[in-house]
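Undergrad: Could you have a look at this structure, given as structure tokens, before my questions?
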Amino acid sequence: MVTGVIGSDTHIVGNRILTMALEKAGYKVVALGALTPAPDFIKAAVETDADAILVSSLYGQGELDCRGFRDLCVEAGLERILLYVGGNLVVGKRSWDETQRTYLGMGFDRAAPPGTRVDTVLEWLAGDLAAREADAERASA
Amino acid sequence: MSAALLIDFGSTYTKLRAIDVAGRRVLGAGQGPSTVTTDIGIGLRAALADLERALGSLPRFQYRLASSSAAGGLGMVTVGLVRELTAEAARRAALGAGAKLIGAYAYRLTAADIKAIAALAPDILLLAGGTDGGNSEVVIANAKRLATSALACPIVYAGNRAAADEVVAALSGKTVIVAANVMPEFNVLAIEPARAAIRQVFIDRIVHAKGIDRAAAEFDAVLMPTPAAVLEGARLVADGTERSPGLGDVLVVDPGGATTDVHSVASGAPAAGVVPQGLPEPRLKRTVEGDLGMRHNAGSIVEAAGIARIAADSGASEERVRELLAALARDVGHLPASAEEHALDNALARAAVRLAVSRHCGTIETCYTVTGPVTVQHGKDLSGVAAVIGTGGAIVSGRSPRSVLSTALADAAEPLSLRPRRPRLLLDTNYLLYACGLLSTVEPQAALELALAHFSELDEENTHERACCA
């Protein structure tokens, strides 16, 4: 797992709680912390062979920072990596549904609205990773 | 009297220093040609004869230790995964081991890369990639590719531990030495084990492969490449020994004929409140600027510094500088004779030192976030080093060592560069750093005291006045 807060965003608390929960659940986590440029997530994921990248954004510019994130992953050979995003993603009067569509459209597998419980994220991860594994087995069979 | 003989098998000269170990003094120096292409012993015996002329008779040497940069030095190629991560860590390990880096590769090696590496014919290849338990696919693929190549040199593997068995199996036809990963965890640098492995391969195999052991009767051991000996010397004078303190953090600058080397012994950690970015920095760091060489790369020094600056600094016209450079390019062994040539050499050395130290030292920048400005640091903060030491002929034999060495200092015009602010400026007048690096392996206390007693302090008021610093 790779976690971090993207862009010029210093709001680290939520991301740190998520990181601790992931470690407690037995995942090996590379925590990049605050102020992390998008390419650094990808470089860390390549070198550590990560299964998922969990991106936080809380300062309202997530949409700009995350644009092209999936493309960067594909470029680096991480076509199949899971991408989650969470934080204060809704900007202005937009609804959550619309915001979620935007992020899923950018290639994120999950977008977590404000107030999402850590347990929910862990459930998503367990399910999505199992599904990936089943896919991979089917592909190799 | 216990005497030590310290030998540097260089690419041009075989240099000797004879040391009175107990007396902490230099008995004498000798020099002969480098004859590694024919028989290394010829140059060594010539140098010994030169030393004997200086001393009257040769003492019985208790230690006879050598370093070597002969026969092209320790040519290395490094291979890593992500360019800024394991590939960079591998590069730093190779440079720290005193290697001459002739190729650095990242990601998957292509057929063309393999061909290029075989053509480079390195003395050692350092293969890294993946954190421990991280990516193993690429490094295994690279090992398989290398296995099919014509490459005959030893391969040091310092990549993902989990892939080591498969890498060794893939490279079964080659000589493989496994060391601990240069990056065991993400963004954690651990280059010491790889450096030690490279050093061992150098002693066990490269010395023989280069024919240096043909003169083995004349010395006890070739311990390391000469740049590594200089780095060891720098470490010794910075850290001291268990009994005596050293100088504290130091920066060593060595503008040579082909490259300019910069060594730092300092943590380089950011000041309070400054956020570090990028790969952590090794405390012992060596950088080599391949485009800044006083002779072989004088043209590219001028290119990097700008001809206007060199002309202004040397007091010659741009046209005249071009003429002198062309003459240097034709005769790279040339020593300056006229006042004009001395002035040009001084300007070249000043530019080489300024650029090489700028590249070696870190920088800071201010990032504006919604919570206010944050200062971010890349590289090492060397603003607080206690001493800057100049070594090598271009500084030591130059007309004004202080004017050259002072270009290493922080400059108000470049406030974002973390260069030394108020260090002592010292001169390795007798070219002793390599010798003390070698001697430190057997007599660290004597080596330290010898070095400290022989550096010259460059006085601010008078460039030519050289006082002893210890």
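The values are calculated or read from the model by the stated rules, or taken from the named source; none is laboratory data. All figures in this text were calculated on a predicted structure; none of them were measured in a lab. When we count neighbours, we look across all protein chains shown, and the Cβ atoms used for this are built from the backbone with ideal geometry, even at glycine.
Undergrad: Being more than 28 Å from B:G129 (Cα to Cα) and more than 14 Å from the chain's Cα centre (by Cα) is true for just one of A:V90, A:V121, A:V74. Which residue is that?
TA: Selected residue: A:V90, the only one of A:V90, A:V121, A:V74 that is more than 28 Å from B:G129 (Cα to Cα) and more than 14 Å from the chain's Cα centre (by Cα).
Undergrad: Something else: Does B:V353 fit the bill of being within 18 Å of the chain's Cα centre (by Cα) and among the β-branched types (V, I, T)?
TA: Answer is yes for this residue.
Undergrad: What residue, of B:A349, B:A327, is in the same structural domain as B:S400 (by TED's automatic domain parsing) and either within 13 Å of B:A410 (Cα to Cα) or without any contact (Cβ under 8 Å) to a residue 60 or more places away in the chain (or both)?
TA: Unique residue meeting the criteria: B:A327.
Undergrad: Take the conditions at pLDDT 95 or above and under 24 Å from the mean Cα position of the chain (by Cα) and apply them to B:L51. Does it pass?
TA: no
Undergrad: In addition: Being in contact with a strand residue (DSSP E or B) (Cβ under 6 Å, 6 or more places away or on another chain) and closer than 29 Å to B:E365 by Cα narrows it down to one residue among B:G306, B:G278; which is it?
TA: B:G278
Undergrad: Residues B:A329, B:A312, B:A305: which one is closer than 29 Å to B:S34 by Cβ and of a type outside the set (V, I, T)?
TA: B:A329
Undergrad: Another question about this same structure. Among the listed residues B:A308, B:A312, B:A356, which satisfies the condition of being at pLDDT 95 or above, surrounded by 15 or more Cβ atoms within 10 Å (Cβ to Cβ) and not charged (D, E, K, R)?
TA: Selected residue: B:A356, the only one of B:A308, B:A312, B:A356 that is at pLDDT 95 or above, surrounded by 15 or more Cβ atoms within 10 Å (Cβ to Cβ) and not charged (D, E, K, R).
Undergrad: Also, I was wondering about something else. Can you name the condition, by its number, that B:I42 falls short on among (1) under 21 Å from B:T12 (Cβ atoms); (2) in contact (Cβ under 8 Å) with a residue 12 or more places away in the chain; (3) out of contact with any Leu (no Cβ under 8 Å at 6 or more places or on another chain); (4) not acidic (D, E)?
TA: B:I42 satisfies every listed condition except (2).
Undergrad: Pairs only if they're at least six apart or on different chains, beta carbon under 8 angstrom, first in segment B:362-374 and at pLDDT 90 or above, second surrounded by 11 or more Cβ atoms within 10 Å (Cβ to Cβ) and among the basic types (K, R); list them, first residue then second.
TA: B:G362/B:K380
Undergrad: Could you list, in sequence order, all residues of segment B:168-189 that are closer than 14 Å to B:T131 by Cβ and touching a residue at least 24 places away in the same chain (Cβ under 8 Å)?
TA: B:N181, B:V182, B:M183, B:P184, B:E185, B:F186, B:N187, B:V188, B:L189
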